[in-house]
Amino acid sequence: MTLTTNALKAALLASTLAIASTATAQEIKLGFNGDLSASPSAQSGQAGVLGIQAAIEDLNAAGGVLGKKLSLVVRDDLSQPPKSIQNMSDLIDSEKVVAVFGPTNSGNALAWKHIPNQRKNPSLGCIGSATDITKPAGGADNYMYRVSMVDRAQIAGIVAYTKNRPQSKNVGFLVETTGYGQGGLKDLEALAKAKGLTPVATEKFGVNDTDMTSQLNKMKSAGVDTVLVWAQGTPIAQLLRSMEKIDYSPVTLTSWAADNASFFDTAGKTLAERPIFMRTITEDRTPVQQKLYDRLAPKLTSKSAFSFSAHCYDATLILAAAIKQAGGTDGAKLKEALDNLQAPVAGIMKTYNKPFTPDQHEALTAADYRWTHWKDGKLVTYTDATVESLKPADYAE
Amino acid sequence: MLATYIQTLVSGLAIGGVYALIALSFSITFTTTKTMNFAQGEFISFGAFIGVAALLLLSGLAGGLTAIPGEAAAGWRYPAAALIATVVAGVMGVLIFLLAVRPFAGKRGMNWVMSTIGFGVILQSIGLTIWGPAPVMVPSPLGDGVLRIAGAGVRPQELIVLASAIAIMVIFDFVMRRTRIGKAMMAVAHSPQTASLMGINVNTVMIGAFALSSGLAGLAGVLIAPIASASLFMGLGFALKAFSGAIIGGLTNPRGCIYGGFILGVLESSVGLWQAQWKEIVVFSLIILVLAFRPQGLFGHASIDKV
């Protein structure tokens, strides 16, 4: 009696397992790991997931990849590094995803970048912009790729602008005292030095400071006519408000954090129009971008986060192309394919021709960025004589 | 050059007024109950959002995700919202006293430190659920234009903060030294047992102290919001600085706390004129020096008042 029931159970179990494994064999699982709810940048994470889902829909509608459908497993890391590390192991080891997109916050990628490298599981960043994310770590193979902005490339851009602007005689650096600001200052100093640009003043401020008039008065008396600012959105806004207090209006170039809605609201409409910065997408969208925008706009919690949808959409297409080229989902083979992608990928941002090489894991570089500023509450393309004079070679890092 | 120094002084006094107000709130509970609300930072943030909610409710306007329209703060609405935030925060102050402080007060150990911090964590989590993590820009009732005082620029809201802080302090000082309630509070501060024998209801005085202290924190939140944006994370930084100001001035002396807050604000902006990244180092070095040489604070001696 018990024997037969056990045999029956075993048979049932075996058949369920068989069904389960055939189901997964027909599917290629991708993962997303990033903040979707906890920090102010959660909106960027949500926009990124929308982009990946849209790309998966389009790829599946066209028959999938290698005859298999794609699916997405989403994990929220609440912007906490320990949670993000745990998600990474969970996605790769338990969910067996082929590759992971994200994270939202750069710091979390830096906390777990050893995991994709050890597990030979490619990670495609499409939100965080810290320079070091895609840098090789130790002697391990580098499985970290990115389709997004890179801090160092933006800094190369604003340094090039300053260098090429004949009226800019005295340059000052203004950075916040966080890791983000200090990392930016390191890049600013190195890239300015390479271009023979010497700042006459460097000043720092706290991320929660509401009055920077002391630092700005020093800049003013040093005759600084152009300031390069590396900080988050709200402190940049406070900086502009302090400039207004002491009646000081130098040319202001900033990090892309000035595209945040919180920057715009804190600075107010008039002051918000002052700084220029680099961004991948402005409101002057290409037809392809407009099409994706119209499709996702109802679901986007922040319109300015649309750029992350576009980056993540493209990252998904690039990964699909790599799977096709590798003829499977083996991590090492995928890396080989990503490092030397043969077929061009027509994405939302541009058509990618060999986006990566073994030493270069950035699909978008400064030449792909656009000069941006706020105009009437919208992020629009900025241009002047200096911008027009800039050639791709000027953006060299 | 003179304009630069005036700007430094004006900016320092403006931020110092905020520190002084919060430092005073620390002093009120410390002098009466020998305990403090370590969730004061969360009370500031919570107060700011109560103010935001009140402004939207009173004006009937819809707020955006990251800003509320300028008209919402016009006329009587801003003072009304400030009053509502003060009262709501005051009621929560009674709650924190009854739930998290009184069970542990007077007992050995520092359980009330942990329980007030815990109360703050709960408050912040509730706030995040209701309002989310994004900062909200709050308009100032007097607009956003820059006013010029002897060449130095200042925003109307900074003057409002400074004026409110000074007014509250003067009233508080008068109440403490001239009225029966103030004298009762000082008696409880001096010795709860003796005060109780003299027929003072010690428990009521302590509850009142927590309500007042928390109400001030809530008011501070509404006052700071148009300068720093309302955010659930904004309070902690201000509370820490204000606590430092209270230590410098002398936690046991309300007047000293106020001076300490202003000293800290002006010191910060002056250090910015020299090397801004040294600001925190200078501030906390000063605290260590004060604690080493005058543990009662710079103005701590004034606590020996006749009651």
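Given DSSP loops and a limit of at most 13 other Cβ atoms within 10 Å, what is the longest stretch of chain A that contains no such trypsin sites (Lys or Arg not before Pro)? Value returned for the longest uninterrupted segment is A:170-397. Shape of the protein assembly as shown from its Cα gyration tensor (a ≥ b ≥ c, root eigenvalues): rounded if a/c is under 1.5, otherwise prolate when a/b > b/c, or oblate? Oblate shape, in that a/c is at least 1.5 and b/c is the bigger or equal ratio.
Centre-to-centre separation between the Cα atoms of region A:315-335 and those of region B:168-191: 74 Å. Between the C-alpha center of region A:179-236 and that of region B:247-268 there is a gap of 31 Å.
Ranking A:GLY51, A:ALA261, B:PHE46 by how far each Cα lies toward the positive end of the dipole of the protein assembly as shown (charges on Cβ) leaves B:PHE46 at the top.
As an exercise, use a Förster radius of 35 Å and the Cβ-Cβ distance of B:THR194 and B:ILE149 to find the FRET efficiency, rounded to the nearest 0.05. Computed FRET efficiency for B:THR194 and B:ILE149: 0.10. What longest range of chain B stays clear of loop-exposed trypsin sites (Lys or Arg not before Pro) (DSSP non-H/G/I/E/B, at most 12 other C-beta within 10 angstrom)? By the stated rule (loop sites, at most 12 other Cβ atoms within 10 Å), B:109-305.
Can you give the average number of partner chain beta-carbon atoms within 10 Å of each beta-carbon in peptide A:158-168, as a whole number?
Rounded to a whole number, the mean comes out at 0.
Under 23 Å of direct C-alpha separation, and excluding same-chain neighbours fewer than eight residues apart, A:LYS169 reaches these lysines: A:LYS186, A:LYS193, A:LYS195, A:LYS204, A:LYS218, A:LYS220, A:LYS391. Taking every DSSP beta bridge with both residues inside chain A, roughly what % is antiparallel (nearest 5)? For chain A, the DSSP antiparallel bridge percentage is about 25. Net length available on complete extension from A:ALA396 to A:LYS303 is 30.4 nm, with 0.36 nm assigned per residue and the Cα-Cα distance removed. Summed over both chains, the contact between B and A buries some 2300 Å² of accessible surface at a probe radius of 1.4 Å.
With Cβ to Cβ distances under 15 Å as the rule, what net charge do the other residues near A:SER389 carry (K, R +1; D, E -1)?
On the way: positive: A:LYS163, A:ARG165, A:LYS195, A:LYS391; negative: A:ASP384, A:GLU388, A:ASP394.
Local net charge: +1.
Peptide B:221-228 is shielded by partner chain Cβ atoms: per residue, an average of 2 of them sit within 10 Å of its Cβ. In plain terms, the chain from A:GLN26 to A:GLN325 could stretch by 105.8 nm, reckoned as 0.36 nm per residue minus the Cα-Cα distance. Using alpha-carbon positions, what is the distance between the centroids of region B:279-294 and region B:81-112, in Å? Spelled out, the Cα-based centre of one part sits 29 Å from the other. Going by a 4.7 Å Cβ-Cβ cut-off, which cysteines of the protein assembly as shown have no partner at all? B:CYS257, each lacking another Cys Cβ under 4.7 Å. Excluding A:LYS245 itself, what net charge comes from residues whose Cβ is under 12 Å from its Cβ, given Lys and Arg +1 and Asp and Glu -1? Every neighbour counted, the sum reads -1.
Averaged per residue, the protein assembly as shown has 41 square angstrom of accessible surface, using a 1.4 angstrom probe with ligands and nucleic acids left out. Rounded to the nearest 20, the size of the Cβ-charge dipole of chain A about its Cα centre is 380 debye, with Lys and Arg at +1 and Asp and Glu at -1. Spacing of the modelled spin labels on B:ARG178 and A:LYS120, each 7 Å from Cα toward Cβ, amounts to 8.3 nm.
Once you charge only the Cβ atoms, +1 for Lys and Arg and -1 for Asp and Glu, what is the size of the charge dipole of region A:143-227 about its Cα centre, to the nearest 20 debye?
Dipole about the Cα centre, nearest 20: 400 debye.
Taking every residue in B:268-281 and counting other chain Cβ atoms within 10 Å of its Cβ, the average works out to 5.
Rounded to the nearest 0.05, the FRET efficiency derived from the C-beta distance between B:THR204 and A:GLU95 at R0 = 51 Å is 0.30. What net charge is computed for the residues neighbouring B:LEU147, neighbours being all others with C-beta under 11 Å from the C-beta of B:LEU147, Lys and Arg scored +1, Asp and Glu -1? With Lys, Arg at +1 and Asp, Glu at -1, the neighbours total +1. Comparing A:ALA321, A:ALA192, A:ALA385 in a Gaussian network model of chain A where C-alpha atoms under 10 Å apart are linked, the largest mean-square fluctuation is found at A:ALA385.
The values are calculated or read from the model by the stated rules, or taken from the named source; none is laboratory data. Bear in mind the structure is a predicted one, so any value in this text is a computation, not a measurement. We place every Cβ from the backbone using ideal geometry, glycine too, and count neighbours over all the protein chains shown. Heavy atoms of the whole protein, side chains included, go into the accessibility calculation; ligands, DNA and RNA do not. Shrake-Rupley method; radii C 1.70, N 1.55, O 1.52, S 1.80 Å.
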